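The values are calculated or read from the model by the stated rules, or taken from the named source; none is laboratory data. Just so we're clear, the structure is a prediction, and the values are computed from it rather than from any experiment. Cβ placement follows ideal geometry from the backbone for every residue including glycine, while neighbour counts extend to all protein chains displayed. These area figures cover heavy atoms from the full protein model, side chains too; ligands, DNA and RNA do not enter into them. Shrake-Rupley method; radii C 1.70, N 1.55, O 1.52, S 1.80 Å.
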Amino acid sequence: MAAGSRVQVPTEVRRGEPFEVKISVRHPMETGFRVDDMGKPIARNTIHEFICRYNGTPVFAANLGSGIAANPYLRFFVTALDSGELKFEWVDDAGERGDAAATLRVTG
Amino acid sequence: MRIGILLLALLAGNTFAQTPAIPASELRSGVSFGSAELRAMQSDDFANPGMLWVERGQKLWQTPVGSAGRACASCHSDASLALKGVAARYPVVNASDRRVIDLEARINACRTSQQKAPALAAESEDLLALTAFVAHQSRGMPLAVSISDSARAFFDQGRDFYYARHGQMDLSCADCHEHNWGRKLLAETISQGHPNAYPAYRLEWQSLGSLARRIRACLFGIRAQMLASDDPQLTALELFLAWRADGLPVEAPGVRR
C-alpha cells in the first residue's frame, strides 16, 4: 500500500517551551471485524506501534489498535533544547513500516 | 390526484427548466447540515483527512509516467495557475468526441492520450488523489458549468434522471434533496444534495470518495438499479447537479459523515 503522511510543527520554537506536533498518517486501520463483498473476512491491519524521536531520543510513543479510525491523526506536545530533527516511525500488523521527519530551529 | 401531481411536476420540469428549484438565496452547502465537529474538521486543513490525498496528488502531478515520459506538470506548469477554476466548470463536453466528461475522465484522458499511460481505475487511490489535487486548486470558487450548445442535451438527460422515480422505493432525487432537505432520515439530515465538496472524505467510508460513489450510495439507498461509475448517464447527472448548485463554492476535499 502506498502510504502517505502529513506533519505540522512550528518552523521555529523557543528553547524549553512546549510546542505542538501534529501528524496524520494515511492508513486503513482495518479492524479485522469486517468482511468484503464476497463475505470473506478482511484481515486485521492496524498501525500498532508509533514512536517519535527528537535527535534520537524518544519523546512520544503510542500503541494504536482497532479502536482507532482510519488515517490516524495524532497531536502531542514536545519541548526542545537544541535545534534538530523530529523523526516519526510506525509499523502495522502487516509488518509495513512508515516514517516521516521534520526539522526544528530552536531559538532563545 | 396522483396524476395531477405528476402533470404539475412535468409542467414544472419544462417551464422552469432554466431556474433551479432551489433559488440561489436558499442554496446551502452540504457541510452546513453537519455537526460542529464535522465543520471544524473540514475547515482545518490539517485535521481534514482529504488533504492526505491532495498532497499525494501533488506528488503524482510532478512524477513522469507512461511511455511519453511526461508528468502532468511538464505540460501544465504551475498548477495553481493552470488549474485555477477548472473544477468549477466541470463536467464539460469534450471537444474531440462530443461526450460529457467529469474531472476524473478529463484526468484519465490526459493519462492515456498525453502521457501514454494506462487509465486509472475509478475510485483508485491515484485517481482520487489527482482529482482532489486538481479540484483543490479551485477551492472557494463558485460552481459555474455551461449548459448551452452541445451541453444542453446532456443537461436535459441529467435533469430527467434527477426528477424520475427510481428503484423499489420509487423515489426521485428531488423527493429527498428538494422536497425534504433539512429533515432527518434515520441518523442523517438530508441536505440539498450538492456536488461542491467532492471528492470528499466520508467518515462512513473512512476514505476519500468521488461524487459518482456518493450518487451510487443514494441509488443503493433507494434500491435502484446501479449505474456503472463510467455510465454517461451518471456524468450527465453530475452536470445537472453542478448547474443546480450554481454559485456554491468548491469545497473539495470536503468532509462528510
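Which of the residues belonging to region B:87-110 are more than 11 Å from B:Thr131 (Cβ to Cβ), assigned to a loop (DSSP other than H, G, I, E, B) and either among the hydroxyl-bearing types (Ser, Thr, Tyr) or open to solvent by 20 Å² or more (accessible area, probe 1.4 Å) (or both)? Even if it seems obvious, please write down each step before you answer.
Taking region B:87-110 as the starting set, the residues that turn out to be more than 11 Å from B:Thr131 (Cβ to Cβ) are B:88-89, B:91-101, B:109-110.
Going one step further and asking which of them are assigned to a loop (DSSP other than H, G, I, E, B), we end up with B:91, B:94-99.
B:Asn94, B:Ala95, B:Ser96, B:Asp97, B:Arg98, B:Arg99, listed by residue number.
Of the conditions (1) buried (at least 18 other Cβ atoms within 10 Å of the Cβ); (2) at negative phi; (3) not in a helix (DSSP H, G or I), B:Ala174 fails just one. Which one is it?
Failed condition: (3).
Among the candidates B:Leu103, B:Leu120, which residue alone is closer than 20 Å to B:Ala212 by Cβ and within 14 Å of another protein chain (Cβ to nearest Cβ)?
B:Leu120
Applying the selection to region B:222-248, what residues are under 23 Å from B:Ala21 (Cα atoms) and in a helix (DSSP H, G or I)? Before the answer, list the steps.
Going residue by residue through region B:222-248, those that are under 23 Å from B:Ala21 (Cα atoms) are B:222, B:233-248.
Hits for region B:222-248 are B:Gln233, B:Leu234, B:Thr235, B:Ala236, B:Leu237, B:Glu238, B:Leu239, B:Phe240, B:Leu241, B:Ala242, B:Trp243, B:Arg244.
What are the residues in region A:54-85 that are assigned to a strand (DSSP E or B) and either within 23 Å of A:Met29 (Cβ to Cβ) or without any contact (Cβ under 8 Å) to a residue 12 or more places away in the chain (or both), if any? Talk me through it step by step, then tell me what you get.
Filtering region A:54-85 for residues assigned to a strand (DSSP E or B) gives A:54, A:57-63, A:73-78, A:84-85.
A:Thr57, A:Pro58, A:Phe60, A:Ala61, A:Ala62, A:Asn63, A:Tyr73, A:Leu74, A:Arg75, A:Phe76, listed by residue number.
May I ask you to list the residues in region B:57-74 that are within 13 Å of B:Lys116 (Cβ to Cβ) and open to solvent by 60 Å² or more (accessible area, probe 1.4 Å)?
B:Pro64, B:Ser67, B:Arg70, B:Ser74
Given the condition farther than 21 Å from B:Val100 by Cβ and either open to solvent by 40 Å² or more (accessible area, probe 1.4 Å) or away from chain A (no Cβ under 14 Å) (or both), answer yes or no: does some residue in region B:227-240 qualify?
The initial filter retains those residues of region B:227-240 that are farther than 21 Å from B:Val100 by Cβ, namely none.
Within region B:227-240, not a single residue is farther than 21 Å from B:Val100 by Cβ and either open to solvent by 40 Å² or more (accessible area, probe 1.4 Å) or away from chain A (no Cβ under 14 Å) (or both).
Given the conditions (1) open to solvent by less than 20 Å² (accessible area, probe 1.4 Å); (2) in a loop (DSSP other than H, G, I, E, B); (3) within 14 Å of chain A (Cβ to nearest Cβ), which single one is not true for B:Trp205?
Result: B:Trp205 passes all but (1).
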